[in-house]
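The values are calculated or read from the model by the stated rules, or taken from the named source; none is laboratory data. Because the structure is a prediction, the values reported are computed rather than measured. As a convention, Cβ positions derive from the backbone with ideal geometry for all residues, glycine included, and neighbour counts pool all protein chains shown.
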Amino acid sequence: MKLQWDVFCRVIDNFGDVGVSWRLACDLASRGQTVRLWLDDASALRWMAPEGSPAGVAVLPWSASGTEVNIGDVVVETFGCELPEAFVARMAARSVPPRWINLEYLSAESYVERSHGLSSPQFSGPGAGLNKRFFYPGFTAKTGGLLREPGLFEAQAQFDASGWLAGLGVQRRPGERIVSLFAYPPESLTTLLKLLAQGSQMGNGALEPTLLLVCPGKVQEQLRDMTGLSLPSAWRWQALPYLSQRDFDHLLWAADLNLVRGEDSFVRAQWAGKPFVWQIYPQADGAHGPKLEAFMDLWLAQAEPALARQLRALWRGWNGLPSSAVAGAAASTGQVAGSAAAAHALQWRANLAAQPDLSTQLMRWVSGDPGKSS
């Protein structure tokens with residue numbers, strides 16, 4: 001069933017919100033839906049999607065939504081962005097009310113399974129009479145799943161990593177591993193580099209030759225300056241330009257270890273099926289700590305105990321979380337990108353891929369068949 005979707009997104013910072021919304025819009029359109037993406041700042045799409053909008057997707061300014069009279073069949077409010085009241089009033093006036101969905105942030109915490117699918121009837125205000133439902137992405141069968149476009153794994157299997165890297169001017173040296181780095185500015189880049197070096201120790205104690213490919217941002221700027229800093233021996237780094245979403249996926253596919261941040265790149269690293277380290281968005285109240293632990297509990301449940309200890313130590317250290325185990329375990333993290341970690345990454349991806357993807361579940365909801373979403 002072809003429907004008109006209105007997806008709203010406010011761009012807060014770091015591009016993760018617009019990145020998720022853009023992927024959702026494109027994925028829905030590829031499945032025969034028509035999508036209008038309402039953004040308050042579309043500037044990031046100039047490099048994130050330089051090819052422009054695909055068929056079925058229109059990017060419109062948030063400010064123009066207040067006068068829009070043609071309300072879609074489905075309205076998606078991403079990350080609690082709060083729809084314009086004038087638009088909500090027109091939703092309520094529609095002869096057939098639209099499906100109203102609040103697409104929430106991704107989390108592995110237990111409340112996600114309890115809250116996924118809950119209704120929020122609107123008893124007052126411009127949307128009185130409407131019913132909003134909460135849709136929680138997640139990692140288990142009782143959640144809304146993750147964004148995953150059809151044919152993703154087939155495209156990766158046919159990907160020419162060496163050719164793509166050469167197109168960026170990147171030449172891997174013999175025996176050199178590639179590590180991608182997309183990070184929020186750490187409080188201490190020296191500490192970050194130390195953790196990375198500890199994670200590259202080989203069995204004989206030597207450091208594995210490593211090429212660090214660094215995405216644009218503050219970390220890249222700090223490395224360019226390098227005042228008082230030094231890379232580990234046997235390491236070198238190269239600055240990357242801003243990459244489109246498609247090319248960012250290619251970067252994750254080409255690397256041996258991916259260091260990612262936020263939400264969108266976090267999900268894409270899991271679909272890449274490569275060892276990865278997640279830097280969660282830091283929150284002043286410390287709420288990011290339990291969120292990180294909740295994901296690690298789920299992600300590492302089937303990992304070998306030694307690998308699980310190593311990864312927990314590295315992840316906690318990367319995110320500045322206290323742990324008595326960090327110092328000792330981090331010193332033995334030489335296999336975080338080794339065969340055990342690689343096998344675990346593929347097993348985790350297979351577990352996720354066995355669940356319906358996010359767009360499939362959304363479309364089942366709006367077609368009146370929500371029961372199949374779990």
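Observations
- Residues (surrounded by 15 or more Cβ atoms within 10 Å (Cβ to Cβ), modelled with pLDDT of 85 or more and assigned to a strand (DSSP E or B)) located in the stretch 205-237: THR210, LEU211, LEU212, LEU213, VAL214, TRP235, TRP237
- Hits in the stretch 52-82 (condition: part of a strand (DSSP E or B), among the acidic types (Asp, Glu) and out of contact with any strand residue (DSSP E or B) (no Cβ under 6 Å at 6 or more places or on another chain)): none
- Inter-residue pairs, beta-carbon under 6 Å, first touching a residue at least 60 places away in the same chain (Cβ under 8 Å) and in the stretch 341-363, second polar (S, T, N, Q), 6+ apart: GLN361/SER373
- Any chance ALA313 is modelled with pLDDT of 90 or more and either crowded, with 17+ Cβ neighbours inside 10 Å or in contact with a helix residue (DSSP H, G or I) (Cβ under 9 Å, 6 or more places away or on another chain) (or both): no
- Residue within the stretch 258-267 that is buried (at least 21 other Cβ atoms within 10 Å of the Cβ), free of Cβ contacts under 8 Å to residues at least 40 places away in the same chain and touching a helix residue (DSSP H, G or I) at 6+ places or on another chain (Cβ under 9 Å) present: no
- Scanning the stretch 51-70 for residues that are modelled with pLDDT under 95 and either not assigned by TED's automatic domain parsing to the domain that holds ASP27 or not small (Gly, Ala, Ser) (or both) yields GLU51, THR67, GLU68, VAL69, ASN70.
- Residue count for the stretch 91-102, restricted to those that are without any contact (Cβ under 8 Å) to a residue 24 or more places away in the chain and either among the β-branched types (Val, Ile, Thr) or buried (at least 20 other Cβ atoms within 10 Å of the Cβ) (or both): 1.
- Odd one out for PHE159, checked against (1) in the same structural domain as LEU300 (by TED's automatic domain parsing); (2) surrounded by 15 or more Cβ atoms within 10 Å (Cβ to Cβ); (3) in contact (Cβ under 8 Å) with a residue 40 or more places away in the chain: (2)
- In this structure, LEU243 does satisfy being of a type outside the set (Lys, Arg), at pLDDT 95 or above and part of a loop (DSSP other than H, G, I, E, B).
- Options ASP27, ASP17, ASP41; residue that is at negative phi, without any contact (Cβ under 8 Å) to a residue 40 or more places away in the chain and not in a strand (DSSP E or B): ASP41
- With respect to being closer than 20 Å to LEU24 by Cα, in the same structural domain as ASP17 (by TED's automatic domain parsing), surrounded by fewer than 20 Cβ atoms within 10 Å (Cβ to Cβ) and touching a Ser or Thr at 6+ places or on another chain (Cβ under 7 Å), PHE79 falls outside the description.
- Only one of the listed residues (TYR105, TYR111) is aromatic (Phe, Trp, Tyr), loosely packed, with under 12 Cβ neighbours inside 10 Å and out of contact with any Leu (no Cβ under 8 Å at 6 or more places or on another chain). That residue is TYR111.
- Scanning the stretch 130-167 for residues that are part of a loop (DSSP other than H, G, I, E, B) and either among the acidic types (Asp, Glu) or at pLDDT below 95 (or both) returns GLU149, ASP160.
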